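What follows is a set of notes on a single structure, which appears directly below.
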Amino acid sequence: MFPSTENEPSGTPLRSRLGVLTKHPTIAIDGPAASGKTTVGRLLARRLEFQFLDTGLMYRALAWTAIRKGLSLSDGAALRQLASDETFEFTVQEGSASSDERDPRFYTPEVDSGASQVAQWPEVRTALVKQQRDIASKGSIVMVGRDIGTIVAPNADLKVFLVASPETRARRRMLQVGDEGGYGRILADIKQRDQRDTQRSHSPLVAADDAHKLDTEGMDVEQVVDRIICMIGAA
């Protein structure tokens, strides 16, 4: 179970000890819905003093914008145009005042479902992947998503794929959104998203061949981040 890290200290900066990586390293963290990618990635970026990008938030923002504009989430062409016209850049320098902010507009059940729907369109993913690569080229960064190590940053210095059971992920999401009575619905939604993400024809959810698979069952966020930092030292 991942506790909130909103008020925790950033810990000892580790950037000065990253000589094992390139000048501007990219760390890719992938995994299924509610696997803890954002929580882990945000804390890791904070400890490394890297930029942080949650690519899933870009799909959430696109879905929210499409819904607000009255666009059909089944209209791939319209969604591609919207993804091309809008700039969805949500990087933060971890440790800054804004790094723990979470926009509630993008975390409603409607947007949860909409993000998975818009992500199925190859033309949408192509447009957003271009933005994501542009962001990654600007400096040291931790990127989290579902296709970072396979599509967005196949040459990332370190790739990690987080694993946890649907039941564990549903409990984490239930605590995250404060919906203690919604476990059954959240579990069903996660299983549905898993099916969509793994079975889509374009950029399906899969661990990169050279990714470190990390089972987070029974681990807290600090333990997961510590394990990743050990991977960095062994790179």
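Please treat every number below as a calculation from the coordinates, not as lab data. Keep in mind it's a predicted model, so treat the numbers as computed, not measured. Cβ: placed from backbone, ideal geometry, glycine included. Neighbour counts: every protein chain shown.
For the reader, a short list of remarks on this structure follows.
- Kirkwood hydrodynamic radius of the range 22-234, from inverse mean 1/r over distinct Cα pairs, in Å: 17.3
- Fewest-first ranking of 123, 217, using other Cβ atoms within 10 Å as the exposure measure: 217, 123
- Likely footprinting exposure, 124, 111, 177, 142, fewest C-beta neighbours within 10 Å first: 177, 111, 124, 142
- Anisotropy class assigned to the range 124-235 is oblate, per the alpha carbon gyration tensor with a/c at or over the 1.5 cut-off and a/b no larger than b/c.
- Scalar couplings 3J(HN,Hα) for the range 159-165, obtained by applying the Karplus form with A = 6.51, B = -1.76, C = 1.60 to θ = phi - 60°, are 10, 10, 10, 7, 10, 7, 5 Hz; x denotes Gly and Pro.
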